[in-house]
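These notes concern the structure reproduced below.
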Amino acid sequence: MNKQLTPEQAVSKIKNGMTLMAGGFLANGSALKILDLLCQSEVKDLTLICNDSAFPDKAYGKLLANGHVRKLIASHIGTNPVAIDLMNAGTLEVEFVPQGTLAERIRAAGAGLGGVLTPTGLGTLVENGKQKLTIDGKEFLLEKPLRADVALLGASVGDKSGNLIYKGTSQNMNPLMATAADIVIAEVGELVETGSFSPEQVHTPNIFVDFIVN
């Protein structure tokens, strides 16, 4: 199967109202080409799941600034003043999730779990509307899995079958998101022939990757 797409073809997979996961941390490890083109599209009402809000002029931060996103699920938005203004104006719904909990909720979806139990967020706004369970005398929040229609990953190296390598800190959220979406699209900095690197170097196996963009 040929998994290669152009950035334009990748964008065409994303429709109004979808839930979109975007890997990376402040745009490091993000699918920059695809996100730039998506910002030029007419796609709207997205639910965006990402670690943070990046910056107004970069990566998924541009999606927020350009008004493509209806709801944001992230751990913080402090680096994007436009996102803050939109939230305060009531035009962007924001669900804050502690960073570790965010990772675990995505992992839970990929592993087919019904949720994760954590004490993080007890006694704060994070607990509002969530079920609490007491186990062995200790109280926990039940945090439900997060799954997406499409996940956009940013990898350093990928082979033509979809095996991915992330260098340095670029793997932020990417390996988890690869397991938790119906369609997974990886934008790779370097595309190589299948077999160019050894199996133990692979961070995301090709079974999780539907399409490759270079």
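Key figures for this structure:
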| item | result |
| --- | --- |
| Yes/no for Leu38 being in contact with a strand residue (DSSP E or B) (Cβ under 8 Å, 6 or more places away or on another chain), open to solvent by less than 10 Å² (accessible area, probe 1.4 Å) and free of Cβ contacts under 8 Å to residues at least 60 places away in the same chain | no |
| Tabulated pairs, the stretch 103-118, first part of a loop (DSSP other than H, G, I, E, B), second of a type in the set (A, V, I, L, M) and buried (at least 19 other Cβ atoms within 10 Å of the Cβ), C-beta under 8 angstrom, 6+ apart or interchain | Gly114/Ala108; Gly115/Ala108 |
| Checking Thr134 against (1) of a type in the set (Ser, Thr, Tyr); (2) open to solvent by 60 Å² or more (accessible area, probe 1.4 Å); (3) within 21 Å of Gln99 (Cα to Cα), the condition it does not meet | (3) |
| Meets criteria (in contact with a helix residue (DSSP H, G or I) (Cβ under 9 Å, 6 or more places away or on another chain), part of a loop (DSSP other than H, G, I, E, B) and within 15 Å of Asn172 (Cβ to Cβ)) for Ser30 | yes |
| Qualifying positions in the stretch 52-96 - within 18 Å of Met177 (Cα to Cα) and of a type in the set (Val, Ile, Thr) | Ile73 |
| Residues (open to solvent by less than 20 Å² (accessible area, probe 1.4 Å), assigned to a helix (DSSP H, G or I) and out of contact with any Ser or Thr (no Cβ under 7 Å at 6 or more places or on another chain)) located in the stretch 41-80 | Leu63 |
| Strands (runs of 3 or more DSSP E) wholly inside the stretch 121-214 containing at least 3 residues that are β-branched (Val, Ile, Thr) | 181-192 |
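Condition check ((1) surrounded by fewer than 17 Cβ atoms within 10 Å (Cβ to Cβ); (2) out of contact with any strand residue (DSSP E or B) (no Cβ under 8 Å at 6 or more places or on another chain); (3) within 23 Å of Ile77 (Cα to Cα)) across all residues:
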| position | (1), (2), (3) |
| --- | --- |
| Gly123 | yes, yes, yes |
| Lys130 | yes, no, yes |
| Arg147 | no, no, yes |
| Lys160 | no, no, no |
| Thr169 | yes, no, yes |
| Met173 | no, no, yes |
| Gly189 | yes, no, no |
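The values are calculated or read from the model by the stated rules, or taken from the named source; none is laboratory data. What you are looking at is a predicted structure, and each value in this text was computed from that prediction instead of being measured. Cβ: placed from backbone, ideal geometry, glycine included. Neighbour counts: every protein chain shown. In case anyone asks, the SASA skips ligands and DNA or RNA and just uses the protein heavy atoms, side chains included. Shrake-Rupley method; radii C 1.70, N 1.55, O 1.52, S 1.80 Å.
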